[in-house]
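Let me begin by presenting the structure, written as structure tokens, before commenting on it.
The values are calculated or read from the model by the stated rules, or taken from the named source; none is laboratory data. Only a predicted model underlies this, so the values are computations on that prediction, with no experimental measurement involved. Using ideal geometry, Cβ is built from the backbone for each residue, glycine included, and neighbour counts are taken over all protein chains shown.
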Amino acid sequence: MNLLHEINLFLLDLDGTVYLDGTPIGPMPTTLTALRAMGKRIVFLTNNSSRTEAEYRQKLTRMGLFGRGDLVYTSAMATVSYLKERYGGAKVYLVATDAVKKEFARGGIPLSEDAPDVCVLAYDTTLTFEKIKRLDFFLRKNTPFLATHPDDVCPTSYGFMPDVGAFLAMFERSSGRKAVIVGKPYPYMAEALSRMTGVGAERMCMVGDRMHTDIRFANRAGMRSVLVLSGETKREDIAKFPDRPDLVLETFNDILGN
């Protein structure tokens, strides 16, 4: 299998795939430059909805990873698209950081603290008990409920901290409600990116370090996949999951030899 021949668009997860704790993994800037020179398109694709597209782009640019023609696409951005498609004009109670709230508003999503038509839970690193109470109140009124992504934990330089999946477990216990989830491993992000870029799933490849989000996302969406062992998943962990990557690499830098 020659991925470099068959793939037009690489979807790259971030932490554990292209960088670790803000440091590029090996010669990653050189690797990405080589792929662009081959005519490959790059989308940095992340479930993390605590930051905006602009914040990620600035971070990637500082590390020498972002290049001409590249895109950043987050689960928050996908959720804005999902809302506009399926809840056009609906008022949203959004649990998110202030920066992400502004991104939703710029995207044309009307926000409401008092009488929402839809509730959305993003990765709010400024979560307070007041926000928890308010969201739970709306959920008990049977307001439609979306979440940007299902990750239980988020990796940091000092270990893992609770992510949206952990928050969802709390709200399910308190309100009995389950959310519709937009981000990986669910296929909506792939559908949205295909429309944005004009590239079909069969010419896309998801590259990531997590079997249960990145590789499962690729399998469900009908795209190729590369598992990198530079992040969460170790080689011995692969057999624990029902999903299978097309290719396993120590780091994504090794793609140039395949």
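Could you tell me whether any residue of region 8-28 is at pLDDT below 95, of a type in the set (D, E, K, R) and out of contact with any His (no Cβ under 9 Å at 6 or more places or on another chain)?
Yes, because at least one residue in region 8-28 is at pLDDT below 95, of a type in the set (D, E, K, R) and out of contact with any His (no Cβ under 9 Å at 6 or more places or on another chain).
Taking the conditions exactly as written (at pLDDT 95 or above, surrounded by fewer than 21 Cβ atoms within 10 Å (Cβ to Cβ) and either under 30 Å from Thr31 (Cβ atoms) or assigned by TED's automatic domain parsing to the domain that holds Ile7 (or both)), does Ser194 satisfy them or not?
yes
What are the residues in region 224-258 that are in contact (Cβ under 8 Å) with a residue 60 or more places away in the chain, crowded, with 16+ Cβ neighbours inside 10 Å and part of a loop (DSSP other than H, G, I, E, B), if any?
Scanning region 224-258 gives Ser230, Gly231, Glu232, Asp246, Thr251.
Could you go through region 127-140 and let me know if any residue there is buried (at least 18 other Cβ atoms within 10 Å of the Cβ) and not in a helix (DSSP H, G or I).
no
Specify which of the listed residues (Tyr82, Tyr93, Tyr56) is outside any loop (DSSP other than H, G, I, E, B), in contact with a Cys (Cβ under 8 Å, 6 or more places away or on another chain), outside the structural domain of Ala34 (by TED's automatic domain parsing) and modelled with pLDDT of 95 or more.
Residue meeting the stated conditions: Tyr93.
Which residues, taken from region 170-191, are closer than 22 Å to Glu130 by Cβ and surrounded by 17 or more Cβ atoms within 10 Å (Cβ to Cβ)?
Passing the criteria: Phe171, Ser175, Arg177, Ala179.
From Cys119, Cys154, Cys205, which residue is surrounded by 17 or more Cβ atoms within 10 Å (Cβ to Cβ), farther than 30 Å from Lys40 by Cα, in contact with a strand residue (DSSP E or B) (Cβ under 7 Å, 6 or more places away or on another chain) and not polar (S, T, N, Q)?
Cys119
Determine which member of the set Leu32, Leu45 is part of a strand (DSSP E or B) and either touching a residue at least 40 places away in the same chain (Cβ under 8 Å) or more than 13 Å from Val226 (Cα to Cα) (or both).
Only one candidate passes the filter, namely Leu45.
Hey, among Phe167, Phe160, which residue is loosely packed, with under 14 Cβ neighbours inside 10 Å and closer than 27 Å to Asn219 by Cα?
Phe160
Give me the pairs: first residue in region 62-74 and farther than 27 Å from Val182 by Cα, second residue aromatic (Phe, Trp, Tyr), beta-carbon distance under 9 Å, and six or more apart or on different chains, which are they?
If the second residue must be aromatic (Phe, Trp, Tyr), the pairs left are Met63/Tyr19.
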